[in-house]
Amino acid sequence: MAVGGFAFIIQQGVPIALPWHFWPAIIFCFAAFPVLGILLLIKRGLLENIHVAKRTARNRSYPLALAGAAIGKLYLHYGILTEHTVFLNMQLWALCINITLFLLWIINSAGLKISAHTSGTSGFLALCTAFLLQYPISWNWVYISVFICALVYIARFRLSAHSHKELIAGFCLGFIVTFAVFSL
């Protein structure tokens, strides 16, 4: 959902020229880096599999995701030197991702196996909702993101990956953080 949020922001703004390194950097920081880190932890025997079902094992994977997101935020801040609204919104989106991942890590460490999947999808929903309230965009984005949230919620529950409480907590976390950052 992180990479999708960047694509959404770009699609909503006026056409801009992206540097050649933009998409490789975004995909690496927000998708490949965390997955490669998890695969390395599996190879070293520190994680059982890529699903990271045990709450305590998640404390090993969240720092990887957070490190990738932090590198991505730094890239957006220092690697693209422009004050264009699209890039400012991308920096806000990266900030939302970092805050959400950090809070997921803290909450998980405190004993609640909160759903990162619903945090991600609800963050995207909040992004679409905030854009709807600030810019003239189509309601279709909100409808699509609600549908994605519902699918992810049902899938995670049916897979017995999370309880309703964990799914709702994840949903609330992602939505509140993202909506607050884009509304302030």
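The values are calculated or read from the model by the stated rules, or taken from the named source; none is laboratory data. These figures come from a predicted structure and were not determined experimentally. Every residue, glycine as well, gets a Cβ built from its backbone with ideal geometry; the counts of neighbours run over all protein chains shown. For accessibility, only protein heavy atoms count, side chains too; no ligands or nucleic acids. Shrake-Rupley method; radii C 1.70, N 1.55, O 1.52, S 1.80 Å.
Using just the Cα positions, wrap the range 69-124 in a convex hull and report its mean projected area in square nanometres, one decimal place. The partial results should precede the final answer.
Values: hull surface 16.0 nm².
With the hull built on Cα positions only, its mean projection is 4.0 nm².
For the peptides 110-122, 40-52, the ranking by packing is 110-122, 40-52, with the highest mean count of neighbouring Cβ atoms within 10 Å listed first. Think of the range 1-149 as having a plus end and a minus end, set by charges on the Cβ of Lys, Arg, Asp and Glu; of 57, 26, 75, 57 sits farthest toward the positive end of this dipole. Relative contact order of the range 88-184, taken over Cα pairs closer than 8 Å and 6 or more residues apart, is 44 percent.
For residue 141, the accessible surface of its heavy atoms amounts to roughly 70 Å² (probe 1.4 Å, protein chains only, rounded to the nearest 10).
Mean separation of Cα pairs under 8 Å and 6 or more residues apart, divided by the residue count, gives the chain a relative contact order of 24 percent. Here the Gaussian network model covers the chain, with springs between Cα atoms less than 10 Å apart; of 33, 131, 147, 147 fluctuates the most. Summarise the accessible area of the chain (1.4 Å probe, protein heavy atoms) by the percent that is carbon and sulfur. So the carbon and sulfur contribution to the accessible surface is 71 percent. Lys-Lys pairs in the chain that are eight or more residues apart or on separate chains and whose Cα atoms lie under 27 Å of each other come to 6. Computed over the chain, the per-residue total of -39500 (n - 2.57) for DSSP H runs of n ≥ 4 gives a 222 nm mean residue ellipticity of -23500 deg cm²/dmol, rounded to 500. Shown in residue order for the range 112-129 are the 3J(HN,Hα) couplings computed by the Karplus curve 6.51 cos²θ - 1.76 cosθ + 1.60 at θ = phi - 60°: 10, 7, 6, 7, 6, 5, 6, 4, x, 5, 6, x, 5, 4, 5, 4, 5, 5 Hz (x for Gly and Pro). Can you grab the distance from the C-alpha centre of the range 32-53 to the C-alpha centre of the range 76-141, Å, no decimals? If you average the Cα positions of each part, the centres end up 24 Å apart. A viscosity of 1.567 mPa s and a temperature of 4 °C, combined with the Kirkwood radius over C-alpha pairs in the Stokes-Einstein formula, give the chain a diffusion coefficient of 77 µm²/s. Solvent-accessible surface of the range 37-184, averaged per residue with a 1.4 angstrom probe and all protein chains in place: 53 square angstrom. The charge dipole of the chain, taken about its Cα centre with unit charges on the Cβ of Lys, Arg, Asp and Glu (plus for the first two, minus for the last two), comes to roughly 700 debye.
Quick one: 3J(HN,Hα) in Hz for the range 150-157, Karplus 6.51/-1.76/1.60 with θ = phi - 60°, rounded, Gly and Pro as x. Each residue's phi maps through the Karplus curve to give 5, 4, 5, 4, 4, 4, 5, 6 Hz.
Scan the range 1-85 for chymotrypsin sites (Phe, Trp or Tyr not before Pro) in coil per DSSP, keeping those whose Cβ has at most 12 other Cβ atoms within 10 Å, and list them by number.
On the way: sites: 6, 8, 20, 22, 28, 30, 75, 78; in loops: 20.
Within the range 1-85, the qualifying chymotrypsin sites (Phe, Trp or Tyr not before Pro) (loop, at most 12 other Cβ atoms within 10 Å) are 20.
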